[in-house]
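In what follows, a single structure is set out as C-alpha cells and then discussed.
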Amino acid sequence: MTELVRCAWGDTAPDYAEYHDNEWGVPLRGQDAMYERVSLEAFQSGLSWITILRKREAFREAFAGFVPERVAEFGPDDIDRLMSDVGIVRNRAKIEATIRNARAIGELDQPLDTLLWSFAPTGARARPRTMADVPAITPESTAMAKALKRRGFAFVGPTTCYALMQATGMVDDHISTCWRAGVSGR
C-alpha cells in the first residue's frame, strides 16, 4: 500500500491527518456549518488548531449544535455556563463574540454561506509548492473581514477569514505534492 503524501501539517498527528484528508479544503455550504466554522476559527485565534479539533464535539454541545437562531438567544446564564465548561476554550471575549455573531446572522439580508462564498477568489491561482508559499492574509480575506465587521461580527480578522476560506474550500491551499491538491475541484 502506498502512503499518501500530505501537506506537512497533516502528518503531525492522527487528528490532523483525518481533518486534512477528509475536511480541510472541501467546499462547505449551509448556514449552520459555516457558522460553526466561523466560530471555531475565532476560538482558534492564538491557539493551535489541534486544540480546537479535539474540543469540537464539546463546542457543538455547548453551543447548541451551532444553530445560530438558538445561540442568538443565549444570555448571561449561558455565558456563565460556558465559562465553566472545561470541554471548550473558556475565553469570555470569544464566547461573547460567538453569541454576537449568531445574532448578526439573524440580521443578514442573505444566507451566511452566500455572503462568505461571495469573497472566494475566482480564476486560476498558483498552487503553493510549500507551506511557506501559503499566504496568511489575502485581499479577499481582508474584504471578507471588513464586510463581516460592518455587519456586526466579531473575532473575524483577515487571518481568521483566510483560515476559514482554506478550511471551507473557498481556496485550495494543499501544496503541489499533496494527494489532495486539486481534488476538491477548486
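For segment 80-96: of the residues being open to solvent by 60 Å² or more (accessible area, probe 1.4 Å) and either assigned to a helix (DSSP H, G or I) or touching a residue at least 40 places away in the same chain (Cβ under 8 Å) (or both), which is nearest to G182 (Cα to Cα)?
Initial filter on segment 80-96 (open to solvent by 60 Å² or more (accessible area, probe 1.4 Å)): 80-81, 84, 86, 90, 92, 96.
Right, trim to either assigned to a helix (DSSP H, G or I) or touching a residue at least 40 places away in the same chain (Cβ under 8 Å) (or both) and you get 80-81, 92, 96.
Working: D80: 44, R81: 42, R92: 39, E96: 37 Å.
Filtering segment 80-96 for residues that are open to solvent by 60 Å² or more (accessible area, probe 1.4 Å) and either assigned to a helix (DSSP H, G or I) or touching a residue at least 40 places away in the same chain (Cβ under 8 Å) (or both), the one nearest to G182 (Cα to Cα) comes out as E96.
Taking the criterion of being closer than 26 Å to W179 by Cβ and open to solvent by less than 40 Å² (accessible area, probe 1.4 Å), would at least one residue in segment 55-72 satisfy it?
Our first condition is that a residue be closer than 26 Å to W179 by Cβ; within segment 55-72, this holds for 56.
After this cut, where a residue has to be open to solvent by less than 40 Å² (accessible area, probe 1.4 Å) as well, the list is 56.
Checked against the condition, which is being closer than 26 Å to W179 by Cβ and open to solvent by less than 40 Å² (accessible area, probe 1.4 Å), segment 55-72 yields at least one hit.
Given the structure, is D77 of a type outside the set (S, T, Y), under 30 Å from S176 (Cβ atoms) and open to solvent by 70 Å² or more (accessible area, probe 1.4 Å)?
Working: of a type outside the set (S, T, Y): yes; under 30 Å from S176 (Cβ atoms): no; open to solvent by 70 Å² or more (accessible area, probe 1.4 Å): yes.
Criteria not met by D77.
Residues L40, L47: which one is touching a residue at least 40 places away in the same chain (Cβ under 8 Å) and either in contact with a Pro (Cβ under 7 Å, 6 or more places away or on another chain) or not polar (S, T, N, Q) (or both)? Break it down stepwise before answering.
On the way: L40 fails: touching a residue at least 40 places away in the same chain (Cβ under 8 Å).
On inspection, the qualifying residue turns out to be L47.
Which pairs turn up if I take residues in segment 12-25 that are within 15 Å of A181 (Cβ to Cβ) and look for partners that are outside any loop (DSSP other than H, G, I, E, B) and of a type outside the set (S, T, N, Q) with beta carbon separation below 6 Å, at least 6 apart in sequence or on another chain?
Close Cβ pairs satisfying both conditions: H20/G10; W24/A167.
Does L28 satisfy the criteria of being open to solvent by less than 70 Å² (accessible area, probe 1.4 Å), at pLDDT 95 or above and within 20 Å of D172 (Cα to Cα)?
Working: open to solvent by less than 70 Å² (accessible area, probe 1.4 Å): yes; at pLDDT 95 or above: yes; within 20 Å of D172 (Cα to Cα): yes.
Yes; evaluated as a whole, the condition is true for this residue.
Among the residues of segment 31-43, count how many are closer than 23 Å to S118 by Cβ and either of a type in the set (F, W, Y) or open to solvent by 40 Å² or more (accessible area, probe 1.4 Å) (or both). Can you show your working first?
Within segment 31-43, the subset closer than 23 Å to S118 by Cβ is 31-42.
Filter again for either of a type in the set (F, W, Y) or open to solvent by 40 Å² or more (accessible area, probe 1.4 Å) (or both), leaving 31-32, 35.
Here the count works out to 3.
Report, by residue number, each residue of segment 1-25 that is in a loop (DSSP other than H, G, I, E, B), aliphatic (A, V, I, L, M) and either in contact with a Gly (Cβ under 9 Å, 6 or more places away or on another chain) or open to solvent by 30 Å² or more (accessible area, probe 1.4 Å) (or both).
Narrowing segment 1-25 to residues in a loop (DSSP other than H, G, I, E, B): 1-7, 12-13, 23-25.
So of that shortlist, the ones also aliphatic (A, V, I, L, M) come out as 1, 4-5, 13.
Correct list: M1, L4, V5.
In segment 152-162, how many are under 14 Å from M34 (Cβ atoms) and either out of contact with any Ser or Thr (no Cβ under 9 Å at 6 or more places or on another chain) or among the polar types (S, T, N, Q) (or both)? Give the derivation first.
So the first thing to find is which residues in segment 152-162 are under 14 Å from M34 (Cβ atoms), and the list is 153, 156, 160-161.
Checking which are either out of contact with any Ser or Thr (no Cβ under 9 Å at 6 or more places or on another chain) or among the polar types (S, T, N, Q) (or both) leaves us with 153, 156, 160.
Here the count works out to 3.
The values are calculated or read from the model by the stated rules, or taken from the named source; none is laboratory data. Predicted, not measured: the structure shown is a model, and the values here were computed from it. So basically every Cβ, Gly included, is an ideal-geometry build from the backbone, and we count neighbours across all protein chains shown. Surface accessibility is based on the protein's heavy atoms, side chains included, excluding ligands, DNA and RNA. Shrake-Rupley method; radii C 1.70, N 1.55, O 1.52, S 1.80 Å.
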